[in-house]
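Student: Before I ask anything, let me first share the structure, which is written out below as structure tokens.
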Amino acid sequence: GNSVTQMEGPVTLSEEAFLTINCTYTATGYPSLFWYVQYPGEGLQLLLKATKADDKGSNKGFEATYRKETTSFHLEKGSVQVSDSAVYFCALRRNNNDMRFGAGTRLTVKP
Amino acid sequence: DVKVTQSSRYLVKRTGEKVFLECVQDMDHENMFWYRQDPGLGLRLIYFSYDVKMKEKGDIPEGYSVSREKKERFSLILESASTNQTSMYLCASSLRGANEKLFFGSGTQLSVL
């Protein structure tokens with residue numbers, strides 16, 4: 001079946017550090033891939049997405065590239081801020097089916 | 001922007017009670033979803049509806065049922081609440097299609113005592 005595996009947290013970084021959160025997927029066919037973010041006390045919101053192989057999604061300084069050959073969609077940011085502290089979820093969607101989520105990675109950025 | 005509204009932010013119920021969680025979206029989305037979120041487990045799909053009166057079971061439907069009588073409203077029902085149903089419940093909606101993102105409500109934190 002379709003599933004997502006993401007890097008376990010929690011992750012703690014200092015401000016301006018480089019961030020990578022790993023995400024790999026298993027799916028039949030060609031899913032669309034997403035990163036969602038959940039800030040404290042809020043619902044999930046879309047951070048970025050990519051809909052086909054080699055696409056790069058980007059938003060708010062975050063990037064992720066859809067790598068079909070390694071079935072990965074790793075999230076990166078060159079310089080994190082305290083305001084990036086949140087839980088990040090990798091997800092995939094095939095056809096009109098439901099969205100499949102990873103377990104989430106909690107990021108804490110310290111000043 | 002799309003708004004997905006869940007009727008309660010916090011709810012406390014007793015074991016054995018029948019519990020209704022309501023969700024309303026205002027953007028005419030075909031798809032609606034109920035997930036539960038538990039630490040370390042991410043989001044797990046309970047039920048999915050792709051049209052009025054249509055529903056599909058997700059990964060963990062046991063102990064739950066759903067109702068979608070109108071396009072904008074998707075209700076989750078716990079027929080007889082149990083302590084292991086204490087969780088954060090998230091409702092979401094989307095347009096049809098694999099490329100479409102989900103819009104989430106703020107969630108309902110349910111405690112079953």
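Student: Here are some conditions: (1) farther than 27 Å from B:LYS3 by Cβ; (2) within 12 Å of another protein chain (Cβ to nearest Cβ); (3) aromatic (Phe, Trp, Tyr). A:TYR25 meets all but one. Which one does it not meet?
Tutor: If we test A:TYR25 against (1) farther than 27 Å from B:LYS3 by Cβ; (2) within 12 Å of another protein chain (Cβ to nearest Cβ); (3) aromatic (Phe, Trp, Tyr), just (2) comes out false.
Student: Any residue that is without any contact (Cβ under 8 Å) to a residue 24 or more places away in the chain and assigned to a strand (DSSP E or B) - is there at least one of those in segment B:69-82?
Tutor: Scanning segment B:69-82, I find at least one residue that is without any contact (Cβ under 8 Å) to a residue 24 or more places away in the chain and assigned to a strand (DSSP E or B), so the answer is yes.
Student: Which members of segment A:83-103 meet the condition of being within 7 Å of chain B (Cβ to nearest Cβ) and modelled with pLDDT under 95?
Tutor: Residues of segment A:83-103 within 7 Å of chain B (Cβ to nearest Cβ): A:89, A:93-96, A:98-99, A:101-103.
Correct list: A:ARG93, A:ARG94, A:ASN95, A:ASN96, A:ASP98, A:MET99, A:PHE101, A:GLY102, A:ALA103.
The rows are residues; the columns are (1) aliphatic (A, V, I, L, M); (2) within 14 Å of another protein chain (Cβ to nearest Cβ); (3) touching a strand residue (DSSP E or B) at 6+ places or on another chain (Cβ under 6 Å).
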site	(1), (2), (3)
B:ARG44	no, yes, yes
B:GLU56	no, yes, yes
B:LYS71	no, no, no
B:LEU90	yes, yes, yes
B:ALA98	yes, yes, yes
B:SER111	no, no, yes
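Student: Here are some residues: B:SER75, B:SER94, B:SER67. Which one is within 25 Å of A:ASN96 (Cα to Cα) and within 11 Å of chain A (Cβ to nearest Cβ)?
Tutor: Details: B:SER75 fails: within 11 Å of chain A (Cβ to nearest Cβ); B:SER67 fails: within 11 Å of chain A (Cβ to nearest Cβ).
The unique qualifying residue is B:SER94.
The values are calculated or read from the model by the stated rules, or taken from the named source; none is laboratory data. The structure presented is a predicted model; accordingly, all values stated were derived computationally and were not measured. When we count neighbours, we look across all protein chains shown, and the Cβ atoms used for this are built from the backbone with ideal geometry, even at glycine.
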